[in-house]
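The values are calculated or read from the model by the stated rules, or taken from the named source; none is laboratory data. These numbers were taken from a predicted model, which means no experiment stands behind them. A quick note on method: Cβ atoms are made from the backbone with ideal geometry, for glycine too, and the neighbour counts reach across all protein chains shown.
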Amino acid sequence: MTTTIARDDAEVPISCRTIAPRRLRGALAILALGATACGSAALATDQSGLAEGHRLARSDTPVALFTPQPTASPTLAPAAAAPPASTPGPPATLPPDPITVFHPGGGSILGGCAVFPSNNPWNQDVSSLPLDPNSSTYITRINAFRQFVHPDFGSDPTYGIPYVVVPGSQQFVPITFNAYGSESDPGPYPVPLNAPVESGSDRHVLVADSGNCHLYEMFGAQQQGNGWTCASGAVFDLSSNALRPDTWTSADAAGLPILPGLVRYDEVASGVINHALRFTVDESQNGFIHPATHQAGVNNPADPPMGLRLRLKASFDLSPFHGESLVILTALKKYGMLLADNGSSWYISGSTDTRWNDNDLNQLKTVPGSAFEAVQTGSIQRG
C-alpha cells in the first residue's frame, strides 16, 4: 500500500516504486503475491536492486525549458525511433510556458505541435460512451484505499511533474539505459543537460521537441557526463496514433505517455482542458486496456486495469466549484482520466508550476470517488 507524508494541506504520495521494483514480477511472485509491483520487464543489465519507478512546440524562436517560475482506433506499431541528431543549438533558457491553443475536435496544440491527432484516445470525448459492466466493482475497489480526489500538484516547486519544450535545434545527447533497455526506445534524445527532473523516486524527465513534434520521456533519470542515464525511455510521435508494442512499458507503468495527461497551468488558465487526464491508484490488476500497453498489477479482477477510463458522472453538481478546480472537473466530465500508474488512489497528475492556487485546488479534495464511473473503451489484454 502506498504511504503518504504530510505537506502543508496536501498529502504527498510515496510512490509504490519506492516499495517494490515494478517490473520484477518473477521475483515479486515468489516474495509476495499481493505486492503492488509497477511493471514486468526483465532487466537489461544487472540492476536487481533498482527500485522501479514506475509533455510541444514548433516555433521559429527557440522555446526552451518550462520550469516552475512565476511566470479511428489506434494501431499498434514498432517503437518510434529518434529523429536524426540535429546541429547543436544554443543552451536552453527558462522562459514562461508556451501559449496553448486548442483543436476544435479535442486535444491541445502547444507552440505549434498538436498533442496527438484529434481522434487519439487522449483527445476523445467519452461523455456518451457506455458504462463498463464492472464499473461499480472498480470504483468500490479504488475507494477501499482512498475515497476522495487529490490533486498531485500545486504551488510547491517540488510538487507535480515538470516538463521541457525544446526547439528543433536542440542538441541530441546519448541516453544510457540501466534497467529496462529491452522495452525502451534507443537514444539519442534532445534532452538539455539542465532539464528539470521530477522530485522523488520516480525522477521523470519529459521533453517535447518542437522541431520534430516528438515527445521523449525517461524514468529514473540522472544527468551524467555529456548525456543521461535512465531506467527506461520512450519516444512518441505526436502526429501519430500508434501505440507502443503490447507488454512494453514506457516512462510510465501503463506504457502510456505522461505529458499528454498532465493538468497544465497554461490550459487551466485559458479556461479549457481538451484532453483526458492521468491518475493513479494504490493497486491495479494484471491487465491493460489500449491505449495502455503494459500491466503492473496483481491477480485480482476487482482491481482496475491499466488504461481504464473513468469519467465524472454527468449528474455530479459543479455549481459549488469555481476557478481552476471547475476547469479540471469540467474536463473530467467530457474527457475523463486514464489509469497510468500505481501510486495513491484518486491522485490526479499535474505539471510543476508555482502559479497554481492551492486554495482553489483544494476544492478537488471534496469530490468523492463515488462521483466517477468507468466507461467501455476496449477489452482487457494480458501479458
* Structure fact -> When every residue in segment 103-133 that is in a loop (DSSP other than H, G, I, E, B) and within 14 Å of L259 (Cα to Cα) is compared, the one modelled with the lowest pLDDT is G107
* Is there a residue being in contact with a Cys (Cβ under 8 Å, 6 or more places away or on another chain), of a type in the set (S, T, N, Q) and farther than 12 Å from Y163 by Cα anywhere in segment 241-260? -> no
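Here is a check on your reading of the model: is G200 out of contact with any strand residue (DSSP E or B) (no Cβ under 8 Å at 6 or more places or on another chain), surrounded by fewer than 24 Cβ atoms within 10 Å (Cβ to Cβ) and small (G, A, S)?
Working: out of contact with any strand residue (DSSP E or B) (no Cβ under 8 Å at 6 or more places or on another chain): no; surrounded by fewer than 24 Cβ atoms within 10 Å (Cβ to Cβ): yes; small (G, A, S): yes.
No; evaluated as a whole, the condition is false for this residue.
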* To do: Consider S210 carefully, then state whether it is buried (at least 24 other Cβ atoms within 10 Å of the Cβ), over 17 Å from P186 (Cβ atoms) and among the hydroxyl-bearing types (S, T, Y).
  => yes
* Structure fact -> Cβ pairs under 7 Å, 6+ apart or interchain, first in segment 185-198 and modelled with pLDDT of 95 or more, second in a loop (DSSP other than H, G, I, E, B) and of a type in the set (D, E, K, R), ordered by first then second residue, are V197/R203
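Would you pick out the residues in segment 349-383 that are outside any loop (DSSP other than H, G, I, E, B) and closer than 12 Å to L310 by Cα?
Initial filter on segment 349-383 (outside any loop (DSSP other than H, G, I, E, B)): 349-351, 358-366, 368-375, 381.
Hits for segment 349-383 are G369, S370, A371, F372, E373, A374, V375.
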* Structure fact -> The lone condition T280 fails out of (1) within 26 Å of D353 (Cα to Cα); (2) surrounded by fewer than 24 Cβ atoms within 10 Å (Cβ to Cβ) is (2)
* Asked: Among the residues of segment 167-188, which ones are closer than 18 Å to T249 by Cα and of a type outside the set (S, T, N, Q)?
  -> I175, F177, A179, Y180, G181, E183, D185, P186, G187
* Would you mention how many residues in segment 244-263 are out of contact with any helix residue (DSSP H, G or I) (no Cβ under 9 Å at 6 or more places or on another chain) and surrounded by fewer than 24 Cβ atoms within 10 Å (Cβ to Cβ)? => 1
